[in-house]
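The values are calculated or read from the model by the stated rules, or taken from the named source; none is laboratory data. Fair warning: this is a prediction, and the values are worked out from it, not measured in the lab. Because the Cβ atoms are built from the backbone with ideal geometry, glycine has one as well, and the counts that use them run over all protein chains shown. With ligands, DNA and RNA removed, areas are computed over all heavy atoms of the protein, side chains included. Shrake-Rupley method; radii C 1.70, N 1.55, O 1.52, S 1.80 Å.
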Protein chains: 2
Amino acid sequence: MEQVEWEQHKKFLKQAVKMAEKGVKSGKGGPFGAIIVKDGKIIARGYNQVTSSNDPTRHAEVDAIRKACKKLGTFELKDCVIYSSCEPCPMCLGAIYWARPKALFFAADRFTAAKYGFDDEFIYKEVPLPLEKRTLHTVCIQMENRNVPFEQWEEKTDKIAY
Amino acid sequence: MEQVEWEQHKKFLKQAVKMAEKGVKSGKGGPFGAIIVKDGKIIARGYNQVTSSNDPTRHAEVDAIRKACKKLGTFELKDCVIYSSCEPCPMCLGAIYWARPKALFFAADRFTAAKYGFDDEFIYKEVPLPLEKRTLHTVCIQMENRNVPFEQWEEKTDKIAY
C-alpha cells in the first residue's frame, strides 16, 4: 500500500474510533463506532445503539451499513470501504460480507473487546462448532416442507438475487 | 425431549417455513422465514426483506429479533425460542447469540441455501479464517487512540452492559 493511501486509511479509521467515543458519551450503547467511505468520502457513520434502541443487532457496523445502503438506495456497498473502531463480531462480519464492500479496516481487536466484557471472541468460538457442541441449544428438524420456499424461489421469474 | 414438546416445536417450525413461503410470494426478498416464541405464544414473525428494503442485514431472523425486542421493550430475548426456516447464516447466528434466547430450531440447512445460490456456507468458511486468508481484504491498524472508547466505557458509571 502506498504511503498516501495508508495515511488516508488511518485518517478514516481515526474517525471511526471518534464515532465510538461519541457513542460512549451519548450513552446509547457500547464503545464501538464505524464509518463507510465511497470515492474518498464518508457516506455513513454509525455507533452502537443496542441498549437505547432495544435492538441487539444495532452494532456500529450494522448501523453504518443500513445508513449507507439507505443513502445509496442499494442493498450492496460495492466500491465502499468500511472502517470500524474494533474488529467486527461475527454478526457484523457476516453483515459486511452480505454488503460486499471492497475492504475492511479496524483498529482494536476482538480480544480487547473481550477484556472489556463483550462477547465477540466467545461468539467467534461458537460459530464454527458443530450444533451439538454449541452453548446455545440448537436443533435441526428436517421438516417435510423445508424445501418448499426454495423451490418457489427457483420458479419465481421476477426474483432479485442478492 | 418429550413427544408433546417435540410436536410443539414442529408446529412452530412449520410456521417459520410458512413465513418463508409468504416472503417469496411477497417478492420482498429471499426464501427465508423466522418466528419467535415466548411462553408458548408467537411474539414476532419475520421474513427476508433484503432487496425490497435496501438493507442487507434484514434477514428473517434479524427481522424477527428486532420485532420481538421492540414488542418486549428489551434488548434481549431471554426465555424465548427462535424458529427459522433455514439454518441461520453467521450474521444471524451472531444476532441470535447477542439476543440470548434459550433455544434455536431450524429446518433446512446451510448447504441447501448454498444450492439455491445463497452465500451462507461461504461466509461460514470465511469467519474462522485468519484475516490474511479471507476473501474480503481486511487490515488491522493498531491506531494510537484505539483503546480510548473502551477506557471511557470502563469509567462510565451509568453504563448499561449487554
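For this structure, a couple of remarks:
- For residues of B:29-42, the mean tally of beta carbons on other chains within 10 Å: 2
- Inter-copy separations for B:Lys10, label at 7 Å along Cα-Cβ, nm, ascending: 6.3
- Percent carbon-and-sulfur accessible area, region A:85-140, ignoring ligands, DNA and RNA, probe 1.4 Å: 55 percent
- Per residue of A:76-84, other chain Cβ atoms within 10 Å of the residue Cβ number 1 on average.
- Ascending list, in nanometres, of distances separating the A:Leu131 label from those of the other copies (7 Å, Cα toward Cβ): 3.5
- Under 5 Å, built H, 5+ apart or other chain: amide partners of A:Ile43: A:Ile36, A:Val37, A:Lys38
- Which of A:Cys92, A:Gly30, A:Tyr116, positive extreme of dipole for region A:1-124 (C-beta unit charges): A:Gly30
- Cα centroids of region A:31-84 and region A:102-162: 19 Å apart.
- A simple charge model with +1 on the Cβ of Lys and Arg, -1 on the Cβ of Asp and Glu and nothing else charged puts the dipole of chain A at about 760 debye relative to its Cα centre.
- Here's the list of aspartates and glutamates a cross-link from B:Lys156 could span, going by alpha-carbon distance under 18 Å and ignoring same-chain residues fewer than 8 apart: A:Glu21.
- Residue pairs, from the table A:Lys125/B:Lys125; B:Lys41/B:Lys70; A:Lys102/A:Lys159; B:Lys14/B:Lys41, whose Cα atoms sit over 18 Å apart: A:Lys102/A:Lys159
- Rounded to 5, percent antiparallel among DSSP beta bridges of chain A: 70 percent
- In a simple Cβ point-charge model (Lys, Arg +1; Asp, Glu -1; nothing else charged), the protein assembly as shown has a dipole of about 1000 debye relative to its Cα centre.
- Order of exposure, largest accessible area first, which applies to A:Thr135, B:Thr157 with probe 1.4 Å: B:Thr157, A:Thr135
- Inter-copy label distances for A:Lys22: 3.8 nm (label point placed 7 Å from Cα along Cα→Cβ; shortest first).
- Cα gyration tensor category, rounded, prolate or oblate, for chain B with a/c compared to 1.5: oblate
- The contact between chain A and chain B removes approximately 8000 Å² from the accessible area (both sides summed; 1.4 Å probe; ligands, DNA and RNA excluded).
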